[in-house]
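The values are calculated or read from the model by the stated rules, or taken from the named source; none is laboratory data. Note that the coordinates shown come from a computational prediction; the quantities given were computed from them, not determined experimentally. A quick note on method: Cβ atoms are made from the backbone with ideal geometry, for glycine too, and the neighbour counts reach across all protein chains shown.
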Amino acid sequence: MTTWFGTAGIRGTYLDDVTPDLATLVGKAITAYLKARKIALGGDARTTTPLLKHAAAVGAMYIGSDVIDLGLIPMPVLPWWINRGDSDGGIYITASHNPPTDNGIKVFDGEGREFTRSMEEELESLMKKGSFKPASWREVGTLTRQDPLREYIDELVSFDMPENPRISPRVLVDTANGPSALVTPHVLRSLGADVITFNSAVDGYFPGRTPEPRPDVLEPYLPSARELGVHVFLAHDGDGDRLAVLDPLKGFIKQDHLIALLAKEKLSQRKGTIIVSIDVGNAVRDVVHDMGGKLEVVRLGKIHEGLITNPSALMAAEPWKLIDPSWGPWIDGMHQASLIVKMIIERGKKIGELMNTVPNYPQARYSIKVPRGIRDAVYEALVNKVKQLDKGKGKVQTIDGYRLDLPDKTWVLVRRSGTEPKVRIYAEAKKPSSLENLVNELIKEAKKAVSPEDRDRLIIEGKIIY
């Protein structure tokens, strides 16, 4: 059990959960744990990121590691840099899609992989002991600066360059005022797309929109996307590891519907294993089964662990996030964006036409933000409600929350968020009316589980996507 690390590294409110002292402690611990002589650092555009990044550098240098500061970069650029052999590990300061009041810390090994859960536990053990031997004045680490963006862009363009292009698509890109603005538009233009950007001024206050690329956040922009006549609308989160995709005509494309398209593309090239997180639905399962592939299910936030145990897997994905092992063992939303645009260019079709080639099911994705101290009560009430749906013929999975799959292809997953004070509800059914009834019952149960005073403080976000 970890104290600081959650689903995706350390994350929380600045000063309440994430402090400069904690960043320094992580810098010391990762240097000692990896026996590192060189640590790479990067961060997003949040106002607190430079402070936390330099605090982490202090910790690493104190133990004797040299530090390479890669500056303001999208998250995937850091593991790409590490993977080239330029450092023994790395630290990236980010809170991803969380609000600007938050920040966090992600740690990477010498191959550019995020730490596994067991590695995080071992790192925390060192942090709790706190007994680090400082380097002498002769051996204290140095701090240097590198700018990797041009090399990253050039390498990604070369890797994803379309073959036999049919069209030059118009693409709308929303970079959420994050550092992906420094990469994604340039890559897509080099691939041959006509790119229109917005929310592309890098700003840690996120003035354009919340950095979480949810349907309710992005769909208000659809009239503009239609007016511009774009083939696809792409949107990042605050640090560039996530990607949301929208069809200008039909709206937000469900994340696992998109994963199904990417899995189909991979399996059409060769058969193999597709790794997905537990919240992925039937579209992916249908595609993998029909194309003769194998499906492996892992915890949310730990798709990289599946690639360690199954290094020959074709891809690993969870909603918003893709690891393509042929590119590298890290999540990369910018590579995902270029893959989708490459498919559009090579096939000469809009995103909606590509999505019509894979199955689609109505799906609900809801978050219930709860006051501190009552999240467990809400979670347990929802789990008990889901258990009542099982008449002895369902399949239960508990690797991450509580998931029930029923014979009629209805499924529901309830889990605690590992990054925010929220309980998540994910569900899917063949009939929209059945799904609507299921979601309404679960939300009603969540409200019943708390006092009238706390009930008014619940914030319910999400929608059903058809």
Checklist entry - Does Ile63 count as among the β-branched types (Val, Ile, Thr), at pLDDT 95 or above and buried (at least 24 other Cβ atoms within 10 Å of the Cβ)? => result no
Checklist entry - Right, Lys448: under 29 Å from the mean Cα position of the chain (by Cα), surrounded by fewer than 19 Cβ atoms within 10 Å (Cβ to Cβ) and either more than 27 Å from Gly6 (Cβ to Cβ) or not hydrophobic (A, V, I, L, M, F, W, C) (or both) or not? => result no
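Here are Leu123, Leu156: which of them is surrounded by 18 or more Cβ atoms within 10 Å (Cβ to Cβ), in a helix (DSSP H, G or I), in contact (Cβ under 8 Å) with a residue 12 or more places away in the chain and not assigned by TED's automatic domain parsing to the domain that holds Lys35? Outline the logic, then answer.
Working: Leu123 fails: not assigned by TED's automatic domain parsing to the domain that holds Lys35.
Step by step, each of Leu123, Leu156 is checked, and only Leu156 is surrounded by 18 or more Cβ atoms within 10 Å (Cβ to Cβ), in a helix (DSSP H, G or I), in contact (Cβ under 8 Å) with a residue 12 or more places away in the chain and not assigned by TED's automatic domain parsing to the domain that holds Lys35.
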Checklist outcome for this item: All conditions in (1) in contact with a Gly (Cβ under 8 Å, 6 or more places away or on another chain); (2) in a helix (DSSP H, G or I) are true of Leu300 except (2)
Checklist entry - Out of (1) surrounded by 19 or more Cβ atoms within 10 Å (Cβ to Cβ); (2) farther than 20 Å from Phe5 by Cα, what's the single condition that is false for Arg424? => result (2)
Next on the checklist: Please count how many residues of the stretch 380-417 are in a helix (DSSP H, G or I) and among the charged types (D, E, K, R).
Outcome noted: 3
Checklist entry - Counting only residues that are of a type in the set (Gly, Ala, Ser) and in a helix (DSSP H, G or I), which one in the stretch 351-377 is nearest to His257 (Cα to Cα)? => result Gly352
Next on the checklist: What pairs come out if I take residues in the stretch 424-443 that are closer than 15 Å to Asn384 by Cα and pair them with residues that are of a type in the set (Val, Ile, Thr) whose C-beta lies under 6 Å away, six or more apart or interchain?
Outcome noted: Ile425/Val414; Leu442/Ile425
Next on the checklist: Condition (residue is acidic (Asp, Glu) and part of a strand (DSSP E or B)) applied to the stretch 167-190: is it met by at least one residue?
Outcome noted: yes
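Give the residues of the stretch 40-53 that are buried (at least 20 other Cβ atoms within 10 Å of the Cβ), of a type outside the set (A, V, I, L, M) and not in a strand (DSSP E or B), sorted by residue number.
Asp44, Arg46, Thr48, Thr49, Lys53
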Checklist entry - In the stretch 352-407, how many residues are more than 30 Å from Arg455 (Cα to Cα) and of a type in the set (Ser, Thr, Tyr)? => result 2
Item to check | Every residue from the stretch 68-87 that is part of a strand (DSSP E or B) and either without any contact (Cβ under 8 Å) to a residue 60 or more places away in the chain or not acidic (Asp, Glu) (or both) | outcome: Ile68, Leu70, Gly71, Leu72
Next on the checklist: Here is a list: Met127, Met161. Which entry is among the aliphatic types (A, V, I, L, M) and under 11 Å from Ala32 (Cβ atoms)?
Outcome noted: Met127
Checklist outcome for this item: Over the stretch 159-174, the set of residues over 20 Å from the mean Cα position of the chain (by Cα) and either farther than 16 Å from Lys342 by Cβ or not assigned by TED's automatic domain parsing to the domain that holds Leu234 (or both) is Leu172
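Quick test for you: out of Pro99, Pro134, pick the one residue that is outside any helix (DSSP H, G or I), touching a Phe, Trp or Tyr at 6+ places or on another chain (Cβ under 6 Å) and over 24 Å from Ile323 (Cα atoms).
None of the other options fit; the residue is Pro134.
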Next on the checklist: Can you find a residue that is more than 29 Å from Gly178 (Cα to Cα) and part of a helix (DSSP H, G or I) anywhere in the stretch 225-247?
Outcome noted: no
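Counting just the residues of the stretch 214-257 that are among the basic types (Lys, Arg) and in contact (Cβ under 8 Å) with a residue 24 or more places away in the chain, which one comes out surrounded by the fewest Cβ atoms within 10 Å (Cβ to Cβ)?
Here is the first cut: in the stretch 214-257, the ones among the basic types (Lys, Arg) are 214, 226, 242, 250, 254.
Checking which are in contact (Cβ under 8 Å) with a residue 24 or more places away in the chain leaves us with 214, 242, 250, 254.
Values: Arg214: 20, Arg242: 27, Lys250: 14, Lys254: 22.
Among those that are among the basic types (Lys, Arg) and in contact (Cβ under 8 Å) with a residue 24 or more places away in the chain, it is Lys250.
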Checklist entry - Looking only at residues in the stretch 191-211 that are assigned to a loop (DSSP other than H, G, I, E, B) and touching a strand residue (DSSP E or B) at 6+ places or on another chain (Cβ under 9 Å), which one is farthest from Lys463 (Cα to Cα)? => result Ala193
Checklist outcome for this item: Of those in the stretch 175-213 that are under 19 Å from the mean Cα position of the chain (by Cα) and among the hydroxyl-bearing types (Ser, Thr, Tyr), the residue surrounded by the most Cβ atoms within 10 Å (Cβ to Cβ) is Ser180
Checklist entry - Does at least one position in the stretch 120-141 carry a residue that is more than 24 Å from Ile331 (Cα to Cα), of a type outside the set (Lys, Arg) and in contact with an Asp or Glu (Cβ under 8 Å, 6 or more places away or on another chain)? => result yes
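Okay, residues lined up against (1) of a type in the set (A, V, I, L, M, F, W, C); (2) outside the structural domain of Phe115 (by TED's automatic domain parsing); (3) crowded, with 16+ Cβ neighbours inside 10 Å; (4) without any contact (Cβ under 8 Å) to a residue 40 or more places away in the chain:
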| site | (1), (2), (3), (4) |
| --- | --- |
| Ala260 | yes, yes, yes, no |
| Ala263 | yes, yes, yes, no |
| Lys266 | no, yes, yes, no |
| Gly272 | no, yes, yes, no |
| Val276 | yes, yes, yes, no |
| Asn282 | no, yes, yes, no |
| Asp286 | no, yes, yes, no |
| Gly292 | no, yes, no, yes |
| His304 | no, yes, yes, no |
Item to check | Contacts under 7 angstrom Cβ, first residue in the stretch 354-383 being free of Cβ contacts under 8 Å to residues at least 40 places away in the same chain, partner among the hydrophobic types (A, V, I, L, M, F, W, C), 6 or more apart | outcome: Val383/Val414
